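The values are calculated or read from the model by the stated rules, or taken from the named source; none is laboratory data. All values reported here derive from a predicted model rather than from experimental measurement. Here the Cβ positions follow ideal geometry from the backbone for every residue, glycine too, while neighbour counts run over all protein chains shown.
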Amino acid sequence: MSNPLFSLIVPVYNVQAYLAKCTESILNQTFRDFEVILINDGSTDNSGIICDEYAQKDSRIVVIHKENEGVGEARNVGLRIVKGDYIIFVDSDDCIDENTCEIMRQIINDHPSIDIIAANYKEIHKNKTKINPYTFVDKSSNKTLLTGIDFIKAQIKHTRRYHGVIWTCIYSRRFLMDNQLFFEKTILEDVEWIPRVYLLARSVFITNYYFYNYIRRDNSLSNPIQIEKYHKNIVKALQLTYQSFSLVNKTSDDELKNMYYEWSVRRLLHYMLKIPIYRKKYRYLAHQELIENKPILSNKTRLRVKIYLINPYLYYFLFTVIDPVYAFYINCFKKVRIMRNN
């Protein structure tokens, strides 16, 4: 029996309420040539039992039970045993559209040696759905082909943001294995993994097709332990963001270095707003990353950095109190002007 075209890797940890919907969205694909690898990462609820029940029903499902080591290592376990030519990562509390594999197969047929297919996703929160298309995609054909480095630059230049999640893309197994692109055993593994992947990608096909449904749920920070964990995750994100810039800084592309540093600094400052200003033990990180000599920043970002370095309390007040109020009144003014014009 020949290898399947797709391998879908699904890390599973304590998601018994959502796992069935996720798995069904995969099994209901209109294109059937795929395998599903469910990695039960030491779940303490009934998730492991649900995985085994699905494996008994469908021979395309492979279940791995392992000790809890985090989502990155769970994905690594899947990567080491996949048979498919292309890999799709799915989080076990999300789902994908039923024609995902069919549409991706059509793209692969047209571009058989592609390293990455970059698509969009729908963010679903309660009854609202939000989509963020790639604004740099050729609108006449709804598709674009770039190198990985040009893809990073296009995202930052045109959208002022940079996708830091892995499940918006489809990856060639050959590309990942040839470059040994496994995940670090850490939290927020996407932040570190994504830059490594795109810096090495020779070809990235971009489409505005939305196949992934990211279900955003309200996370309750109701006790000190949860709050402390949240803050530690942000600190780790700070460290990994700087680490990813260090990786980019090794390239010979000066434009990429400047653009990526600009994005990194904005991201660092954004994270610092999420940490209460009285947590002095975290503030040294931003000082350490920002005061060193780096590529040129825009005037707006440079001003933010100067305010932060002069007085973190002033920065916190301006951008958590004043800035949202200012933005609110500006939006109201715009709406009134539109109504008058109509």
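Sort through Val10, Val77 and tell me the only one that's surrounded by 21 or more Cβ atoms within 10 Å (Cβ to Cβ), modelled with pLDDT of 95 or more and closer than 21 Å to Phe183 by Cβ.
Values: Val77 fails: surrounded by 21 or more Cβ atoms within 10 Å (Cβ to Cβ).
Val10 is the lone residue from the list that is surrounded by 21 or more Cβ atoms within 10 Å (Cβ to Cβ), modelled with pLDDT of 95 or more and closer than 21 Å to Phe183 by Cβ.
If only residues of region 271-306 that are of a type outside the set (A, V, I, L, M, F, W, C) and at pLDDT 75 or above are counted, the one that is surrounded by the fewest Cβ atoms within 10 Å (Cβ to Cβ) is Asn299. One residue stands out among those in region 186-207 that are charged (D, E, K, R) and touching a Gly at 6+ places or on another chain (Cβ under 6 Å): the one that is surrounded by the fewest Cβ atoms within 10 Å (Cβ to Cβ), which is Asp190. In region 301-318, the residues that are outside the structural domain of Met272 (by TED's automatic domain parsing) never reach a residue that is surrounded by 13 or more Cβ atoms within 10 Å (Cβ to Cβ) with C-beta atoms less than 9 angstrom apart, at least six apart or across chains.
Table: residues versus (1) within 13 Å of the chain's Cα centre (by Cα); (2) at pLDDT 85 or above; (3) closer than 20 Å to Glu73 by Cα; (4) not in a helix (DSSP H, G or I).
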residue: Ala119; (1), (2), (3), (4): yes, yes, no, yes
residue: Glu123; (1), (2), (3), (4): yes, yes, no, yes
residue: Pro133; (1), (2), (3), (4): no, no, no, yes
residue: Asp138; (1), (2), (3), (4): no, no, no, yes
residue: Asp150; (1), (2), (3), (4): no, yes, no, no
residue: Met177; (1), (2), (3), (4): no, yes, yes, no
residue: Tyr209; (1), (2), (3), (4): no, yes, no, yes
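I'm trying to understand the selection: among the residues of region 35-63, which are in contact with a Cys (Cβ under 6 Å, 6 or more places away or on another chain) and either over 18 Å from Ile9 (Cβ atoms) or not β-branched (Val, Ile, Thr) (or both)? The answer is Leu38, Asn40.
Among helices (runs of 4 or more DSSP H) lying entirely in region 1-96, which contain 3 or more residues that are over 21 Å from the mean Cα position of the chain (by Cα)? Before the answer, list the steps.
Details: elements: 19-27, 47-57, 71-81.
Helices (runs of 4 or more DSSP H) meeting the threshold: 19-27, 47-57.
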